[in-house]
Amino acid sequence: MNPARQPSTAPGSPGALAFDPQTIRAQFPMLGATMNGKPLVYLDNAATTQRPRAVIDSVVEHWSSSNGPVSRGVHALGSLATEKYESARTAAAALLNAEPETIVFTKGVTDGLNLVARSFGDELLGEGDEVVVTELEHHSNFLPWRQACLRRGAVLRVAPITDTGELDMDALRAMVNERTRIVAVTHVSNVLGTVVPVSEIVSIARGVGAAVVVDGAQAPGHLPVDVQRLGCDFYATSAHKMFGPAGVGTLFMAPQWVDRLEPAQFGGGMVELASAEESTWITGPHRFEAGTPNTEGAVGLAAAVAFLGSFDRAAARAHEHALRDAIVAGLGEIPKARVYGPADGAPIVSIGLEGVHAHDLATVLDAEGVAVRAGHMCCQPLMRRLGVPALTRASIAPYNTHAEVEALLGAVRRAGQLFA
Amino acid sequence: MLESLYQQILLDHSRHPCHHGRPERFDAEAEGHNPICGDKVRVFVTLNDDGIEEVRFEGAGCAISQASASMMTNALSGLSIEEATAVRAAFLDLVAAAEPDKTSGERVNEELRSMAEVRRFPARVKCATLAWHALARALGEALKGSGGPPSGAVGGEKTG
Ligand SMILES: Cc1ncc(COP(=O)(O)O)c(C=O)c1O
């Protein structure tokens with residue numbers, strides 16, 4: 001059973017998955033909340049999505065009927081818990097079209113990228129080697145590389161973006177050379193919604209023998225992701241950005257790396273032989289999962305994957321993009337409002353309102369029940385490039401509606417008037 | 001609720017801040033930085049024999065941080081160190097304490113009192129206190145330099 005795979009049935013035929021935002025919405029208890037006396041309009045999905053009932057229930061159900069020690073001991077409950085944990089790995093693998101043996105459970109994207117930078121970065125990088133990142137990167141795909149370069153005497157290079165917020169591919173191509181060991185890029189920008197052409201970057205990197213590390217925080221919630229097609233070496237995800245629990249995620253490692261890399265953490269569950277004289281590590285993803293794992297997190301992640309497979313995702317994407325377009329069009333009619341990012345990106349819209357600071361704008365929106373992100377969004381290099389201290393971001397999920405877009409636009413208009 | 005936060009007086013201060021810009025001569029300076037939103041203020045203190053001759057600031061940020069800094073320079077310029085320290089404590093109590101003292105509102109001027117509503121916006125309290133924390137450090141520096149009381153006397157909170 002592969003819950004993430006696209007339905008083989010044609011749209012409209014019996015058994016085809018449907019998509020209706022209201023039906024999706026009804027599955028999210030949190031979306032019924034009231035904030036500041038107004039119905040919650042949740043447009044901070046790029047920070048964290050809400051969880052559907054099925055994910056909530058999956059965790060409760062696990063705690064109620066299958067909680068036990070994973071991969072340890074011989075009793076039946078331990079086996080049951082282990083089975084749940086490992087079937088969650090299979091589900092998480094299917095979401096990325098990867099093999100379960102290539103999926104390491106992590107705390108999330110930050111944890112996964114730090115693991116790669118420690119294990120892979122420290123092993124691979126030497127004096128004068130180069131790591132290429134981009135101006136789009138979240139601090140979690142920027143700082144681990146900066147620190148790895150500092151440790152190893154390597155050089156960090158930052159590929160620029162164009163004025164429309166796309167990655168400047170010519171500049172990147174020119175920057176990648178025979179000293180480049182690693183190219184680390186985001187799949188989707190959490191600020192601009194830019195979708196980065198990962199396959200193209202992989203072929204550029206392959207030309208010089210460099211590895212490609214992808215920050216997938218913002219992608220699987222919006223796009224189909226196929227790590228084999230992308231051809232990258234590492235791909236990190238966080239469950240909480242795609243309707244699962246916080247504090248759990250996955251790191252895909254291309255098969256050639258799984259058994260070769262030195263773990264960054266040592267302890268229980270990853271050891272073959274341990275003695276003061278000699279210690280060896282097991283092979284497979286468990287090698288990188290020292291300590292008792294976050295089993296309930298993995299169970300919730302699997303339920304989130306099943307949720308993503310329960311509706312027509314292409315239709316959901318079309319809906320999300322229609323909402324994004326409505327926001328962009330609406331802002332176009334508000335004096336002094338400005339949208340940052342390319343027109344055809346993921347449904348993430350960063351908003352500037354001239355003369356109004358991002359935090360003031362977000363406070364006005366909050367008073368209307370509209371939850372958005374304001375600040376540098378963990379992308380200080382990108383803010384510097386855009387020439388702004390901070391932005392206000394609306395990010396969309398399939399459960400958002402046109403009425404919510406209207407609420408957002410009304411609140412932005414109100415902010416414009418208040419600060420006029 | 002929103003209008004009681006963004007009162008006209010706050011908007012006026014944020015648009016046309018008082019005592020804004022780096023002075024030619026000053027005894028100490030300190031920077032406050034809010035890492036969450038990137039707001040920055042730099043506070044300059046000039047002392048004379050009676051206490052604080054002038055407080056000035058420069059920086060960029062949200063309406064609340066800018067207005068608070070501007071109102072602070074108005075309120076504290078010309079006060080003795082003891083008076084300024086008392087006003088600062090009362091203001092911080094008014095906007096940030098879990099249970100503010102009933103007299104805090106009376107111990108600050110009307111402009112500062114207009115910011116009391118910030119306390120109902122927990123995410124914004126740091127914006128309102130940013131300049132005041134920088135001031136404490138600048139004053140501590142200035143007094144150290146002039147052989148006055150140690151910086152602990154004016155409170156040495158870290159900025160958030
Ligand atoms: C693009 C991007 N990368 C990395 C992260 C970090 O994810 P997490 O906090 O789940 O580790 C985020 C989310 O904050 C993100 O948007």
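Brief remarks follow.
- Checking A:Pro389 against (1) without any contact (Cβ under 8 Å) to a residue 60 or more places away in the chain; (2) under 24 Å from A:Gly37 (Cβ atoms), the condition it does not meet: (2)
- Filter pass, A:Val188 being in contact with a helix residue (DSSP H, G or I) (Cβ under 7 Å, 6 or more places away or on another chain) and either of a type in the set (A, V, I, L, M, F, W, C) or away from the ligand (no atom under 12 Å from the Cβ) (or both): no
- Residues satisfying the stated conditions in the stretch B:11-40, i.e. at the interface with chain A (Cβ under 10 Å from one of its Cβ atoms) and closer than 22 Å to B:Pro122 by Cα: B:Leu11, B:Ser14, B:Asn34, B:Pro35, B:Ile36, B:Cys37, B:Gly38, B:Asp39, B:Lys40
- Residue in the stretch A:368-380 that is nearest to the other protein chains (Cβ to nearest Cβ), counting only those that are surrounded by fewer than 22 Cβ atoms within 10 Å (Cβ to Cβ) and more than 18 Å from A:Val191 (Cβ to Cβ): A:Glu368
- Any hit, the stretch A:336-347, residues being in contact (Cβ under 8 Å) with a residue 12 or more places away in the chain, surrounded by fewer than 17 Cβ atoms within 10 Å (Cβ to Cβ), within 25 Å of A:Gln417 (Cα to Cα) and within 14 Å of another protein chain (Cβ to nearest Cβ): no
- Boolean, A:Gly121 is surrounded by 24 or more Cβ atoms within 10 Å (Cβ to Cβ), away from the ligand (no atom under 13 Å from the Cβ) and in a helix (DSSP H, G or I): yes
- Looking across B:Lys144, B:Lys158, one residue alone is over 12 Å from the mean Cα position of the chain (by Cα), modelled with pLDDT under 90 and either in a helix (DSSP H, G or I) or within 14 Å of chain A (Cβ to nearest Cβ) (or both). It is B:Lys144.
- Any hit, the stretch A:162-184, residues being buried (at least 16 other Cβ atoms within 10 Å of the Cβ), within 30 Å of A:Asp57 (Cβ to Cβ) and either in the same structural domain as A:Asp122 (by TED's automatic domain parsing) or within 16 Å of the ligand (Cβ to nearest atom) (or both): no
- Listed by position, the strands (runs of 3 or more DSSP E) inside the stretch A:223-306 whose residues that are within 16 Å of the ligand (Cβ to nearest atom) number at least 1 are A:234-238, A:249-253.
- Taken together, the residues in the stretch A:193-215 that are in contact with a Cys (Cβ under 9 Å, 6 or more places away or on another chain) and within 16 Å of the ligand (Cβ to nearest atom) amount to 5.
- Within the set B:Arg88, B:Arg124, the sole residue that is away from chain A (no Cβ under 14 Å), assigned to a helix (DSSP H, G or I), among the basic types (Lys, Arg) and in contact (Cβ under 8 Å) with a residue 60 or more places away in the chain turns out to be B:Arg88.
- Filter pass, A:Ala54 being away from the ligand (no atom under 16 Å from the Cβ) and modelled with pLDDT of 95 or more: yes
One line per residue, one yes/no per condition, for (1) within 14 Å of another protein chain (Cβ to nearest Cβ); (2) touching a Pro at 6+ places or on another chain (Cβ under 8 Å); (3) outside any strand (DSSP E or B):
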position	(1), (2), (3)
B:Val43	no, no, no
B:Thr46	no, yes, no
B:Ile52	no, no, no
B:Phe57	no, yes, no
B:Ala69	yes, yes, yes
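- Any chance A:Val104 is part of a strand (DSSP E or B) and surrounded by 15 or more Cβ atoms within 10 Å (Cβ to Cβ): yes
- Restricting the stretch A:124-160 to residues that are in a helix (DSSP H, G or I) and among the polar types (S, T, N, Q), the residue that is farthest from the chain's Cα centre (by Cα) is A:Gln147.
- Annotation: of all residues in the stretch A:26-37 being modelled with pLDDT of 95 or more and surrounded by 15 or more Cβ atoms within 10 Å (Cβ to Cβ), the one that is farthest from the other protein chains (Cβ to nearest Cβ) is A:Gln27.
- Residue in the stretch A:357-366 that is in a loop (DSSP other than H, G, I, E, B), more than 21 Å from the chain's Cα centre (by Cα) and at negative phi present: yes
- Restricting attention to the stretch A:348-360 and to residues that are out of contact with any helix residue (DSSP H, G or I) (no Cβ under 6 Å at 6 or more places or on another chain) and under 21 Å from A:Leu136 (Cα atoms), the residue that is farthest from the other protein chains (Cβ to nearest Cβ) turns out to be A:Ile348.
- Per the listing A:Asn97, A:Asn141, the residue uniquely modelled with pLDDT of 95 or more, away from the ligand (no atom under 16 Å from the Cβ) and more than 14 Å from chain B (Cβ to nearest Cβ) is A:Asn97.
- Filtered residues of the stretch A:221-231 (kept if touching a helix residue (DSSP H, G or I) at 6+ places or on another chain (Cβ under 6 Å) and on the phi < 0 side of the Ramachandran plot): A:Gly221, A:Leu230
- Entry remark, the stretch A:315-325: residues being small (Gly, Ala, Ser) and surrounded by fewer than 16 Cβ atoms within 10 Å (Cβ to Cβ) number 2 in total.
- Scan of the stretch A:372-410 for residues that are over 21 Å from A:His138 (Cα atoms) and not charged (D, E, K, R), ordered by number: A:Pro398, A:Tyr399, A:Asn400, A:Thr401, A:His402, A:Ala403, A:Val405, A:Ala407, A:Leu408, A:Leu409, A:Gly410
- Yes/no for A:Ala171 being farther than 30 Å from A:Leu95 by Cα, aliphatic (A, V, I, L, M) and part of a helix (DSSP H, G or I): yes
- Meets criteria (farther than 30 Å from A:Lys38 by Cβ and buried (at least 21 other Cβ atoms within 10 Å of the Cβ)) for B:Phe26: no
- Restricting the stretch B:20-41 to residues that are acidic (Asp, Glu) and assigned to a loop (DSSP other than H, G, I, E, B), the residue that is nearest to A:Ala390 (Cα to Cα) is B:Glu24.
- Flag for A:Gly153 being on the phi > 0 side of the Ramachandran plot and within 16 Å of the ligand (Cβ to nearest atom): no
The values are calculated or read from the model by the stated rules, or taken from the named source; none is laboratory data. Since the structure is predicted, the reported quantities are computational estimates derived from the model, not experimental observations. All Cβ positions, even for glycine, are placed from backbone atoms using ideal geometry, and neighbour counts span all protein chains on display.
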